[in-house]
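Novice: Before I ask anything, let me first share the structure, which is written out below as structure tokens.
The values are calculated or read from the model by the stated rules, or taken from the named source; none is laboratory data. Not measured: the values here are computed from a predicted model. Cβ coordinates were reconstructed from backbone atoms using ideal geometry, including for glycine residues, and neighbour counts include every protein chain displayed.
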Amino acid sequence: MKQETVVVKFGGHAMDKEDLCAAFARDVTRLQGEGGRMVVVHGGGPQIGALLQRLHIESRFEKGLRVTDEATMEAVEMVLCGQVNKNVTARLAAAGCRAAGVSGRDGGLLRARIRDAALGLVGDIEAVDASLLACLLEGGFVPVVAPVASGAQGQALNVNADTAAGAVAGALRADCFVLISDVPGVLDADRRLLPRLDRADVARLIESEVVNGGMIPKVQSCLHALDKGCGRALILDGRQPSALLRCLRDGEPLGTVIEN
């Protein structure tokens, strides 16, 4: 693999599956070894939900977003910046990869504003300062980013991991942005895979509600990355063994390519 910058969003559901986690760590390590400048942004929704349940804190959602009061935000930060971030970093290290875990609050990486007071500490990303990531990449590390941002008063804000990953890919002007999902890709109304979509296709599918729920921020984050200068974007079927390696190195069509 030539020296391309690749931003990969690794989802919380995939992290619950041992074989997929192991394959992902091996793929990132091999791609880095072949010259790839790899950045991993991870989610952690299932893990957050599990901790909130143990703490007897109710999980509430509005329009697919977790309502985040101060107690919930504390749990979110504990899970994303602690448990999940360090687990992903450790897995990569065990596979032979030089990985460094950071959060969106480190080095002013992700800055956000509160989206809606009714949602609490949920943020929309306003700015990305990728200087810290550039330093880590230059040093031969794989940055592993937890999607927690800083608000205007320096408070922690919960941001959508897909959106955060797309913003990072755009800020780095990455050659490729990959969203690893637990579905085949974007599906049509008859549940058939759509291998390639452009902006007009995405708008039509959202309008007709064929694309809905959690798939909306995925396709929108791909378009945002492309708008900011990312070379290509795709939603990858992460249930396939070594999907990342097979797609990026071998060119196998394992998902949906999003184009401008």
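Novice: Give me the pairs: first residue in the stretch 237-260 and within 18 Å of Ala22 (Cα to Cα) and in contact (Cβ under 8 Å) with a residue 24 or more places away in the chain, second residue among the β-branched types (Val, Ile, Thr) and in a helix (DSSP H, G or I), beta-carbon distance under 8 Å, and six or more apart or on different chains, which are they?
Specialist: Between residues of the stretch 237-260 that are within 18 Å of Ala22 (Cα to Cα) and in contact (Cβ under 8 Å) with a residue 24 or more places away in the chain and residues that are among the β-branched types (Val, Ile, Thr) and in a helix (DSSP H, G or I), the close pairs are Leu244/Val28.
Novice: Which residue is farthest from Cys21 (Cα to Cα), if the candidates are limited to the stretch 203-214 and must be surrounded by fewer than 20 Cβ atoms within 10 Å (Cβ to Cβ) and in contact (Cβ under 8 Å) with a residue 24 or more places away in the chain?
Specialist: Gly213
Novice: Another question about this same structure. Quick check: anything in the stretch 153-161 buried (at least 22 other Cβ atoms within 10 Å of the Cβ) and either without any contact (Cβ under 8 Å) to a residue 40 or more places away in the chain or at positive phi (or both)?
Specialist: no
Novice: Can you confirm whether Ile216 is within 29 Å of Arg66 (Cβ to Cβ), within 20 Å of the chain's Cα centre (by Cα) and β-branched (Val, Ile, Thr)?
Specialist: So Ile216 fits the description; yes.
Novice: Give the number of residues within the stretch 217-233 that are crowded, with 24+ Cβ neighbours inside 10 Å and aliphatic (A, V, I, L, M). Walk me through how you get there before you give the answer.
Specialist: Filtering the stretch 217-233 down to residues crowded, with 24+ Cβ neighbours inside 10 Å leaves 218-219, 221-222, 225, 230, 233.
Going one step further and asking which of them are aliphatic (A, V, I, L, M), we end up with 219, 225, 233.
The total comes to 3.
Novice: Just checking, how many residues over the stretch 2-46 are assigned to a loop (DSSP other than H, G, I, E, B) and either modelled with pLDDT of 95 or more or out of contact with any helix residue (DSSP H, G or I) (no Cβ under 7 Å at 6 or more places or on another chain) (or both)? If you could, list the steps in order and put the result at the bottom.
Specialist: Here is the first cut: in the stretch 2-46, the residues assigned to a loop (DSSP other than H, G, I, E, B) are 2-4, 11-13, 17, 34-36, 43-44.
So of that shortlist, the ones also either modelled with pLDDT of 95 or more or out of contact with any helix residue (DSSP H, G or I) (no Cβ under 7 Å at 6 or more places or on another chain) (or both) come out as 2-4, 11, 17, 34-36.
Total meeting the criteria: 8.
Novice: Which of the residues spanning the stretch 59-117 are among the charged types (D, E, K, R), farther than 13 Å from Asn158 by Cβ and touching a residue at least 24 places away in the same chain (Cβ under 8 Å)?
Specialist: Residues satisfying the conditions are Arg91, Arg98, Asp106, Arg111.
Novice: If the Cβ limit is 6 Å and pairs must be 6+ apart or interchain, which residue in the stretch 36-52 that is over 18 Å from Val142 (Cβ atoms) pairs with which residue that is among the polar types (S, T, N, Q) and in a loop (DSSP other than H, G, I, E, B)?
Specialist: Note: pairs meeting the criteria are Gly49/Ser59; Leu52/Ser59.
Novice: Scan the stretch 38-52 residue by residue and report those that are over 14 Å from Asp16 (Cβ atoms) and surrounded by 24 or more Cβ atoms within 10 Å (Cβ to Cβ).
Specialist: Passing the criteria: Met38, Val39, Val40, Val41.
Novice: Suppose we filter the stretch 55-93 for residues that are under 20 Å from Thr163 (Cα atoms), in contact with a helix residue (DSSP H, G or I) (Cβ under 6 Å, 6 or more places away or on another chain) and part of a loop (DSSP other than H, G, I, E, B); how many remain?
Specialist: Count: 1.
Novice: Could you list, in sequence order, the residues of the stretch 60-73 that are buried (at least 16 other Cβ atoms within 10 Å of the Cβ) and either more than 15 Å from Val122 (Cβ to Cβ) or more than 18 Å from the chain's Cα centre (by Cα) (or both)?
Specialist: Val67, Thr68, Thr72, Met73
Novice: Residues that are more than 19 Å from Ala112 (Cβ to Cβ): find the strands (runs of 3 or more DSSP E) completely inside the stretch 156-260 holding 2 or more of those.
Specialist: Fully inside the stretch 156-260 and qualifying: 176-181, 232-237, 255-258.
Novice: Out of all the residues in the stretch 124-133, is one or more crowded, with 17+ Cβ neighbours inside 10 Å, among the small types (Gly, Ala, Ser) and assigned to a strand (DSSP E or B)?
Specialist: no
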